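The values are calculated or read from the model by the stated rules, or taken from the named source; none is laboratory data. This is a predicted model, so every value here is computed, not measured. Positions of Cβ are generated from backbone atoms using ideal geometry, with glycine treated the same way; all protein chains shown enter the neighbour counts. All accessible areas refer to the heavy atoms of the entire protein, side chains included, with ligands and DNA or RNA removed. Shrake-Rupley method; radii C 1.70, N 1.55, O 1.52, S 1.80 Å.
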Amino acid sequence: MSPVELLDLLSRDFMQRALLAALFTGLAAPAIGTFLVQRRLALLGDGIGHVAVTGVALGLLTGTSPTWTAVVVAILGAVLIEVIREQGHTNGDVALALLFYGGLAGGVLITGLAGQGANKLQAYLFGSITSLSDADVWFTLALAVVILAVTLGLLPRLFAVASDPEFAKVAGLRVRFYNLLIAVLAAITVTVAMRTVGLLLVSALMIVPVATSQQMARSFRTTLAGAMAVGAVAAVGGLLIAASFPANTTVAPGPTIVLLALAMFAATWPVGVWLRRRSRLAEPFPILTDDSPDDHEVGHADGEHLHQHGDDCGHPAVEHGDHVDYVHDGHRHAPHGEHYDEH
């Protein structure tokens with residue numbers, strides 16, 4: 001596609017709506033994805049996406065908005081997933097797998113019962129951002145603003161709960177409430193990105209920008225800001241790349257958005273490796289001063305010998321009065337913790 005044709009495409013209303021939705025989706029998805037990565041729940045978005053397929057199918061069956069039904073079902077699924085995860089049973093992962101697969105299979109089945117073909121469901125599975133209406137765009141923007149407002153407004157609390165739940169509980173935070181809030185925000189994020197990248201690829205837009213930002217950032221706030229920037233660039237850039245292909249080809253924006261995000265991660269990964277290696281090399285070695293312990297004092301703290309000697313410790317025993325000393329590097333050490341100089 002020539003630059004003139006691309007500019008003409010960008011001037012059309014449907015493309016402007018798609019760019020606006022892609023921008024806000026690219027900002028919102030990594031924002032909540034950062035907390036999922038912090039909690040080691042990177043695949044939670046993928047699981048909620050499977051459950052949301054049933055919500056889309058229910059909307060098609062009842063003749064209501066598939067987006068609204070997907071929101072409701074995704075939130076219910078996210079709460080159920082969080083409850084199962086919190087119980088900590090050994091078969092919890094099996095229960096989650098059953099929920100994920102059941103959500104996807106149920107969605108396909110209900111879509112067939114609704115008399116809708118696979119093409120109708122495919123728009124939600126892999127995204128159809130160029131077919132957004134004005135109402136869809138406003139819906140996406142409203143949910144994205146809610147996600148960003150709650151995430152950034154409760155950033156210290158959500159970070160404390162995500163990084164150290166035990167400390168957060170001791171500090172008086174309602175850990176269960178905030179865990180459920182993160183799960184609900186993840187469910188809303190899935191429905192926001194549903195028409196942009198699709199339910200089957202939404203987890204990538206939530207997680208890959210975070211992994212990319214982690215290569216360069218060294219703090220949680222920097223990681224969050226970097227992930228949002230990477231997500232916005234990937235979403236808008238992937239849409240433009242898909243639109244630049246010849247008219248006789250059919251390239252969905254969802255896959256190009258995800259592949260662009262993966263390319264950005266691949267480009268920053270060597271830099272991240274170099275930065276981490278440089279940081280390790282820059283760590284100073286301990287500086288020995290006149291007050292530093294000599295070889296005789298190494299391993300002692302406040303006059304106590306840190307190594308517990310015994311019959312099987314490997315140091316030769318020497319009879320000394322009414323007790324046994326153990327010789328190590330020319331010094332005798334008492335088993336009761338006191339240190340003796342060489343006699």
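Shape call for region 157-213 from the C-alpha gyration tensor, a ≥ b ≥ c root eigenvalues: rounded (a/c under 1.5), prolate (a/b greater than b/c) or oblate?
Working: a/c = 4.49, a/b = 2.04, b/c = 2.20.
Here region 157-213 falls in the oblate category.
When the chain is fully extended, how far beyond the present Cα-Cα distance does ARG176 get from TRP138, taking 0.36 nm per residue of separation?
Values: separation 38, 0.36 × 38 = 13.68 nm, distance 3.15 nm.
Fully extending the segment from ARG176 to TRP138 adds 10.5 nm.
Classify region 186-251 as rounded, prolate or oblate, taking a ≥ b ≥ c as the square roots of the eigenvalues of its Cα gyration tensor: rounded when a/c is under 1.5, otherwise prolate if a/b is larger than b/c and oblate if not.
On the way: a/c = 3.15, a/b = 1.64, b/c = 1.93.
Oblate, because a/c is 1.5 or more while a/b does not exceed b/c.
Sort 266-274, 180-188 by the packing proxy (mean of other Cβ within 10 Å over each peptide's residues), most packed first. Walk me through the intermediate numbers first.
On the way: 266-274: 12.6, 180-188: 23.2.
Most protected by this proxy first, the peptides run 180-188, 266-274.
Give me the extension gain from GLN116 to SER65: residue separation times 0.36 nm, minus the current Cα-Cα distance, reported in nm with one decimal.
Values: separation 51, 0.36 × 51 = 18.36 nm, distance 1.43 nm.
Residue separation times 0.36 nm, minus the Cα-Cα distance, leaves 16.9 nm.
Rounded to the nearest Å, what's the spacing between the alpha carbon centres of region 186-206 and region 53-67? Just the number, please.
After rounding, the separation between the Cα centres reads 16 Å.
Roll a 1.4 Å probe over the protein heavy atoms and report the accessible area of VAL236 in Å², nearest 10.
Approximately 40 Å² for this residue.
Rounded, prolate or oblate: pick one for region 72-180, where a ≥ b ≥ c are the square roots of the eigenvalues of its C-alpha gyration tensor, a/c under 1.5 means rounded, and failing that, prolate if a/b is larger than b/c, else oblate. Walk me through the numbers on the way to the answer.
Values: a/c = 3.75, a/b = 1.43, b/c = 2.63.
Because a/c hits 1.5 or more and a/b fails to exceed b/c, region 72-180 counts as oblate.
How much of the pair distance distribution for region 12-207 lies past 22 Å, counting alpha-carbon pairs only, in percent? Display every interim value, and only then the final one.
Working: 8617 of 19110 pairs.
That fraction is 45 percent.
Can you compute the FRET efficiency between THR222 and LEU109 using 1/(1 + (r/R0)^6), with r the Cβ-Cβ distance and R0 = 35 Å? Round to the nearest 0.05. Spell out each step's value before the answer.
Values: r = 45 Å, r/R0 = 1.29.
It comes out at approximately 0.20.
Say R0 is 35 Å: what FRET efficiency, to the nearest 0.05, do TYR101 and ALA282 get from their beta-carbon distance?
On the way: r = 48 Å, r/R0 = 1.37.
The computed FRET efficiency comes out at 0.15.
Listed highest first by mean packing, meaning other Cβ atoms within 10 Å per residue, what order do 147-156, 40-49, 219-228 come in?
On the way: 147-156: 15.0, 40-49: 21.3, 219-228: 18.2.
Descending packing order for the listed peptides: 40-49, 219-228, 147-156.
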